[in-house]
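The values are calculated or read from the model by the stated rules, or taken from the named source; none is laboratory data. Just so it is clear, the model here is predicted, and its values are computed rather than measured. Glycine also receives a Cβ, built like all others from the backbone with ideal geometry; neighbour counts cover every protein chain displayed.
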Amino acid sequence: MEEDVKIAILSRKPELYSTSRLVEAAKRRDHKVHVIDHLRCYMNITSHHPSIHYMGKQLEGFDAVIPRVGASTTFYGTAVVRQFEMMEVYSINESVAISRSRDKLRSLQLLARKGIGMPVTGFAHSTKFAKDLIDLVGGSPLVVKLVEGTQGIGVVLAETNKAAQSVIQAFRGLKADILVQEFIKEAAGSDIRCFVVGDRVVASMMRQGEEGEFRSNLHRGGKAARARITPEERSTAVRAARIMGLRVCGVDILRSNHGPVVVEVNSSPGLEGIEKTTGVDVASKIIEYIEKNAKPGRTKTRGRG
């Protein structure tokens with residue numbers, strides 16, 4: 001690339017593997033890179049001169065921003081990303097797309113509308129007709145999820161209809177909305193994480209849950225191995241990313257008897273598991289994508305969403 005790019009990485013902790021790898025990849029390609037704690041940013045929201053301030057200084061001259069916004073800081077994190085967009089800074093994932101991906105129900109509705117394969121899914125607020133909701137997704141065994149859960153937390157496999165009703169009622173006791181999904185038994189506790197950058201799957205791994213554990217998350221003790229994915233799985237992952245409006249994401253797929261089904265699209269996927277499992281330098285692929293695309297006016301929403 002001819003020109004240096006000045007990149008802001010929004011991250012709470014510079015020492016995190018994903019953050020430090022992105023910094024390393026950017027510096028190796030002679031770009032200026034700054035790690036900024038988005039929760040410590042404060043903003044001047046005016047019609048003519050929107051600005052972001054950090055540690056007593058105004059943030060200026062950035063060409064691109066990489067949001068590494070955790071689920072617990074989505075609201076404020078996306079507000080900071082939106083402010084960068086208003087300043088015409090290119091964001092690799094736009095604020096609207098991040099917000100969309102963090103809303104599990106909205107994500108599934110968008111994917112379903114575009115015909116992406118998914119487990120049969122039901123959603124409810126009231127437990128009054130729990131039995132009908134269970135029947136709706138084909139009965140037990142089924143998976144009950146908290147809409148706000150991450151990394152496999154708030155995800156329960158109910159083996160019987162009675163167990164499913166108990167879990168649903170317990171979740172409602174927490175004043176939580178309930179998502180129920182058919183259990184894809186043939187996936188045998190494994191899923192495939194496809195890491196998408198732009199319009200390509202740059203790396204993929206199969207994650208396998210521990211013995212007796214249906215959740216495959218690496219945070220829950222799952223094991224990972226490099227995966228060869230089919231053309232259908234590849235196109236499903238790329239389409240899911242495009243529908244969500246995400247340029248960098250992890251698309252989690254289960255292999256079902258009726259083809260690949262998407263269970264989640266993650267807008268801030270970790271790099272450690274995928275890089276160490278596959279040996280692919282994913283961080284450099286993200287920086288290369290920014291080099292090609294970080295130009296003023298490339299942000300679609302420009303902070304309007």
Within segment 116-135, which residues are of a type outside the set (Val, Ile, Thr) and outside any loop (DSSP other than H, G, I, E, B)? 122, 123, 124, 130, 131, 132, 133, 135
Can you confirm whether residue 242 is at negative phi, assigned to a helix (DSSP H, G or I) and surrounded by fewer than 21 Cβ atoms within 10 Å (Cβ to Cβ)? yes
Please go through segment 121-135 and pick out each residue that is hydrophobic (A, V, I, L, M, F, W, C) and either closer than 13 Å to residue 167 by Cβ or touching a helix residue (DSSP H, G or I) at 6+ places or on another chain (Cβ under 6 Å) (or both). 123, 124, 130, 133, 134
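With respect to residue 88, is the statement that it is surrounded by fewer than 19 Cβ atoms within 10 Å (Cβ to Cβ) and touching a Pro at 6+ places or on another chain (Cβ under 6 Å) true? Steps first, answer last, please.
Numbers: surrounded by fewer than 19 Cβ atoms within 10 Å (Cβ to Cβ): yes; touching a Pro at 6+ places or on another chain (Cβ under 6 Å): yes.
Considered against the rule, which asks whether it is surrounded by fewer than 19 Cβ atoms within 10 Å (Cβ to Cβ) and touching a Pro at 6+ places or on another chain (Cβ under 6 Å), residue 88 comes out as yes.
Every residue, every condition in (1) of a type in the set (A, V, I, L, M, F, W, C); (2) at pLDDT below 90; (3) over 12 Å from residue 254 (Cβ atoms); (4) surrounded by 13 or more Cβ atoms within 10 Å (Cβ to Cβ), yes or no:
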{"residue": "172", "(1), (2), (3), (4)": "no, yes, yes, yes"}
{"residue": "183", "(1), (2), (3), (4)": "yes, yes, no, yes"}
{"residue": "187", "(1), (2), (3), (4)": "yes, yes, no, yes"}
{"residue": "192", "(1), (2), (3), (4)": "yes, no, no, yes"}
{"residue": "206", "(1), (2), (3), (4)": "yes, no, no, yes"}
{"residue": "216", "(1), (2), (3), (4)": "no, yes, no, yes"}
{"residue": "222", "(1), (2), (3), (4)": "no, yes, yes, yes"}
Is it true that residue 26 is among the hydrophobic types (A, V, I, L, M, F, W, C) and within 18 Å of residue 285 (Cβ to Cβ)? yes
Please go through (1) small (Gly, Ala, Ser); (2) crowded, with 22+ Cβ neighbours inside 10 Å; (3) over 26 Å from residue 240 (Cβ atoms) for residue 47 and return the number of the only condition it doesn't satisfy. (2)
Failed condition for residue 288, given (1) surrounded by fewer than 18 Cβ atoms within 10 Å (Cβ to Cβ); (2) assigned to a loop (DSSP other than H, G, I, E, B): (2)
